[in-house]
Amino acid sequence: QVQLAESGGGWVQAGDSLRLSCVVSGRNYGAMAWFRQAPGKEREFIAAISGFGVNLEYADSAKGRFTISRDNAKSAAYLQMNNLQFEDTAVYYCAARDYAMPSIDVDAYTYWGQGTQVTVSS
């Protein structure tokens, strides 16, 4: 089994930055991704990274502001979020899948963390 634990969320003002972390434990895993879910909305893809960090995928809302990375030696993935806006307010989830290639599809990921709240005040 693969277990994920997110951290780094919090309350910030518009224009601020946050860095989310996701630590993975358990057996080997492949691609990882970040999703978010705002109240009353479906879970939304943000960014994904392949098993060795070569292939990256970003949602249009994340391009130019968010950066996904991973450190396999630390069994961790990160999401650097800059210039946060009110509409970025959501619970952010880390996800992992058994395959090396990333996917933007929420159903492609088997393993999920509990989420970390990000609140941006305008």
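The values are calculated or read from the model by the stated rules, or taken from the named source; none is laboratory data. Everything numeric here is computed off the predicted structure, so don't read it as measured data. Glycine also receives a Cβ, built like all others from the backbone with ideal geometry; neighbour counts cover every protein chain displayed. Heads up: the accessible areas ignore ligands, DNA and RNA and are worked out on the full protein's heavy atoms, side chains in. Shrake-Rupley method; radii C 1.70, N 1.55, O 1.52, S 1.80 Å.
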Within region 75-111, tally of residues that are among the aromatic types (Phe, Trp, Tyr) and surrounded by fewer than 17 Cβ atoms within 10 Å (Cβ to Cβ): 2
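Under the condition of being surrounded by fewer than 19 Cβ atoms within 10 Å (Cβ to Cβ) and small (Gly, Ala, Ser), which residue from region 31-47 is nearest to Ala5 (Cα to Cα)?
Let us first name the residues in region 31-47 that are surrounded by fewer than 19 Cβ atoms within 10 Å (Cβ to Cβ), namely 37-44.
Of the ones still in play, those that are also small (Gly, Ala, Ser) are 38, 40.
Working: Ala38: 19, Gly40: 24 Å.
Per the criteria, the residue is Ala38.
Name every residue in region 92-104 that is more than 10 Å from Ala33 (Cα to Cα) and over 10 Å from the mean Cα position of the chain (by Cα), in order of residue number. First the steps, then the outcome.
To start, the set of residues in region 92-104 that are more than 10 Å from Ala33 (Cα to Cα) comprises 92, 98-101.
Result: Asp98, Tyr99, Ala100, Met101.
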Among the numbered conditions (1) within 12 Å of Ala95 (Cα to Cα); (2) more than 11 Å from the chain's Cα centre (by Cα); (3) of a type in the set (Asp, Glu), tell me where Glu42 comes up short. (1)
Pairs under 6 Å by beta carbon, first residue among the acidic types (Asp, Glu) in region 6-28, partner open to solvent by less than 30 Å² (accessible area, probe 1.4 Å), six or more apart or different chains? Glu6/Cys22; Glu6/Cys94; Glu6/Gly113; Glu6/Thr116; Asp16/Leu84
Which of the residues that make up region 48-66 are more than 13 Å from the chain's Cα centre (by Cα), open to solvent by 50 Å² or more (accessible area, probe 1.4 Å) and within 17 Å of Ser17 (Cβ to Cβ)? Lys63, Gly64
How many of the residues making up region 1-30 are surrounded by fewer than 17 Cβ atoms within 10 Å (Cβ to Cβ) and over 18 Å from Ala96 (Cβ atoms)? 8
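For Gln114, state whether it is open to solvent by 30 Å² or more (accessible area, probe 1.4 Å), touching a residue at least 60 places away in the same chain (Cβ under 8 Å) and touching an Asp or Glu at 6+ places or on another chain (Cβ under 9 Å).
Judged against the criteria, Gln114 is a match.
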Looking only at region 2-26, how many residues end up being β-branched (Val, Ile, Thr), more than 27 Å from Ser121 (Cα to Cα), modelled with pLDDT of 95 or more and over 13 Å from the mean Cα position of the chain (by Cα)? 0
Which one of Ser122, Ser69 is surrounded by fewer than 21 Cβ atoms within 10 Å (Cβ to Cβ) and more than 11 Å from the chain's Cα centre (by Cα)? Ser122
